[in-house]
Amino acid sequence: MLELAILGLLQETPMHGYELRKELVTKLGTFRAAISYGTLYPTLKRLQTAGWITETESDPSMIPPMTSKRGRVVYKITADGKERFADLLAQAGPETYDDAGFGVHFAFFSRTDRATRLRILEGRRRRIEERREGLRDVLSRAAGRLDAYTLELQRHGLDACEREVRWLEELITNERSGRAPAGSAGTLDIPAAEQPRERAAEDASPETPRPQQDRP
């Protein structure tokens, strides 16, 4: 999953290793535990060996502060790397339903086709529903044998599953109807900046007429 994230970010712009790690942590919050330099640089080396990225020397004046000589290296995605990214983005197997896999794929949903998004969302919903039923089973069979804190932890997990299932169902409904997620502008697969002006005017809330003021 780190491979997908790195290629996706480098497709946006070339980056130093320092910048890349910072963007990975920002974009993939819950995935940050796996993003250490000890994990990042071996992955970058592997991608370079595969021909999916290249490295070049950067302008010394542009080196990020507090970085080692690695900061002088700028990583860029290659044409083969862009094809690899597209292949990874099109995957919708069981690995995309797990916590880390789903988080990374979801972070790049704006570049994923609608059919793939829908398959991943439905697979994730099934995975969370299974987790929810397992927690319900534990609570129904073993609640009397659990101490208060363990019981509260199980209830917290169950609540989290139920919230995520509701969230996924809303996303799936939006995908099927062609709407963007709540809080986004326009419809799916159309960047907000490219929305027709007429549609933006229709969606805008009508303003309350103000009393006409006399001009001085």
Original post:
By accessible area of protein heavy atoms, probe 1.4 Å, what ranking do Glu169, Glu164, Glu152 get, highest first?
Top reply: Glu152, Glu169, Glu164
Original post:
Once phi is turned into ³J(HN,Hα) by the Karplus curve 6.51 cos²θ - 1.76 cosθ + 1.60 with θ = phi - 60°, what whole-Hz value does each residue of the stretch 2-9 show in order, with x for glycine and proline?
Top reply: 5, 4, 4, 5, 5, 4, x, 5
Original post:
Ala100 to Ser177: extension gain in nm, 0.36 nm per residue of separation minus the Cα-Cα distance?
Top reply: 25.0 nm
Original post:
Taking θ as phi - 60°, what are the ³J(HN,Hα) couplings along the stretch 115-127 by the Karplus curve (6.51, -1.76, 1.60), each to the nearest whole Hz, with x for Gly and Pro?
Top reply: 4, 5, 4, 5, 4, 5, 4, 5, x, 5, 4, 4, 4
Original post:
When N counts the residues of the stretch 124-180, how does its alpha-carbon radius of gyration compare numerically with 2.2 N^0.38 Å, as a ratio?
Top reply: 1.40
Original post:
For Thr43 and Arg131 in the same chain, what is the full-extension length gain: residue separation times 0.36 nm, less their Cα-Cα distance, in nm?
Top reply: 28.6 nm
Original post:
Once amide H atoms are placed 1.01 Å from N in the peptide plane, what residues at a sequence separation of 5 or more from His16, or on another chain, have their amide H within under 5 Å of its amide H?
Top reply: Tyr75
Original post:
Considering only protein heavy atoms, what per residue accessible area in square angstrom results for the stretch 124-180 with a 1.4 angstrom probe?
Top reply: 66 Å²
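The values are calculated or read from the model by the stated rules, or taken from the named source; none is laboratory data. Bear in mind that the values here come from a model prediction, so they are computed numbers and not experimental data. Remember, those area values only see protein heavy atoms, side chains included, never the ligands or the DNA or RNA. Shrake-Rupley method; radii C 1.70, N 1.55, O 1.52, S 1.80 Å.
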